[in-house]
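Down below is the structure, laid out as structure tokens.
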Amino acid sequence: MIGRLNHVAVAVPSLEAGVARYRDTLGAEVSEPQALPEHGVTVVFVNLPNTKIELLEPLGEGSPVAKFIERNPDGGIHHICYEVSDILGARDALAAKGLRVLGDGQPKIGAHGNPVLFLHPKDMNGTLVELEQVAA
Ligand code: CO
């Protein structure tokens with residue numbers, strides 16, 4: 001069911017500092033910042049040859065990433081994202097096996113313009129998992 005690793009997301013207290021680290025120190029190609037108010041984050045993608053790193057900075061009141069940064073002031077790995085070809089089919093199959101989908105269970109549009117869902121970390125070895133539907 002799951003396909004490629006699409007990205008690993010790292011929450012950062014400062015997007016500017018995070019970008020400087022990846023772009024200037026590590027020499028990576030970094031995208032422009034993109035505000036995603038529906039997800040409570042501003043994101044930057046670090047493009048690596050085989051995957052991406054998604055840098056997340058809290059945006060707005062009640063951002064879930066703000067709470068994460070409170071607990072992890074230096075930042076930290078926030079979630080990993082796997083690709084699926086049929087997100088509603090994946091959701092229904094996983095729910096039938098007892099996995100919990102966060103929120104109302106309806107996919108939201110993620111940073112790449114594709115539908116995404118999140119699985120409860122308690123069902124995924126303590127890791128918040130994002131599923132992103134990509135064209136097969
Ligand atoms: Co993500």
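Bear in mind that the values in this text are calculations on the coordinates, not laboratory data. Computed from a predicted structure; not experimentally measured. With ideal geometry, Cβ positions are generated from the backbone for all residues, glycine too; neighbour counts draw on all protein chains shown.
Here the Karplus relation 6.51 cos²θ - 1.76 cosθ + 1.60, evaluated at θ = phi - 60°, turns the backbone of region 35-50 into coupling constants of 7, 10, x, 5, 9, x, 9, 10, 10, 10, 9, 9, 8, 9, x, 10 Hz, with x for every Gly and Pro. Could you tell me which GluC sites (Glu not before Pro) in region 45-136 are loop residues by DSSP with no more than 11 other beta carbons within 10 angstrom of their beta carbon? For GluC sites (Glu not before Pro) across region 45-136 that sit outside H, G, I, E and B with at most 11 neighbouring Cβ atoms in 10 Å, the list reads Glu61. Assuming charge only on the beta carbon of Lys and Arg (+1) and of Asp and Glu (-1), the dipole of the chain about its Cα centre is about 380 debye to the nearest 20.
When shorter helices are ignored and each DSSP H run of at least 4 residues is given -39500 (n - 2.57), the per-residue value for the chain at 222 nm works out to -4500 deg cm²/dmol.
Under 14 Å from a point 7 Å along the Cα-to-Cβ line of Leu99: which residues of region 1-30 have their amide N that close? Inside the label zone: 1-6. Summing Lys and Arg as +1 and Asp and Glu as -1 over all other residues whose Cβ lies under 14 Å from the Cβ of Lys108 gives a net charge of -3. When both bridge partners sit in region 5-133, DSSP labels roughly 70% of those beta bridges antiparallel. Consider a paramagnetic label point 7 Å from the Cα of Glu16 along Cα→Cβ; state which residues of region 51-67 have an amide N under 18 Å from it. Only 55-60 fall inside the zone, counting backbone N under 18 Å. Dividing the convex hull volume of the alpha carbon atoms of the chain by its residue count gives 111 Å³ per residue. For the chain, which longest stretch is free of loop sites, where a loop site is one of the trypsin sites (Lys or Arg not before Pro) that DSSP puts outside H, G, I, E and B and that has at most 16 other Cβ atoms within 10 Å? Counting only loop sites that pass the neighbour cut-off, the longest clear stretch is 5-96. Taking 0.36 nm per residue of separation and subtracting the Cα-Cα distance, full extension of the segment from Val8 to Val134 would add 43.8 nm. Once the Cα atoms of helix 87-96 and of the chain are each reduced to a long axis, what angle between those two axes, in degrees from 0 to 90 to the nearest 10, is obtained? Approximately 60 degrees, to the nearest ten.
Backbone geometry of region 57-65 corresponds, through the Karplus equation with coefficients 6.51, -1.76 and 1.60 at θ = phi - 60°, to 3J(HN,Hα) couplings of 10, x, 9, x, 5, x, 5, x, 6 Hz, x marking Gly and Pro.
Once Lys and Arg get +1 and Asp and Glu get -1 on their Cβ, which of Asn50, Ile109, Tyr82 lies farthest toward the positive end of the dipole of region 5-133? Result: Tyr82, furthest along the dipole toward the positive end.
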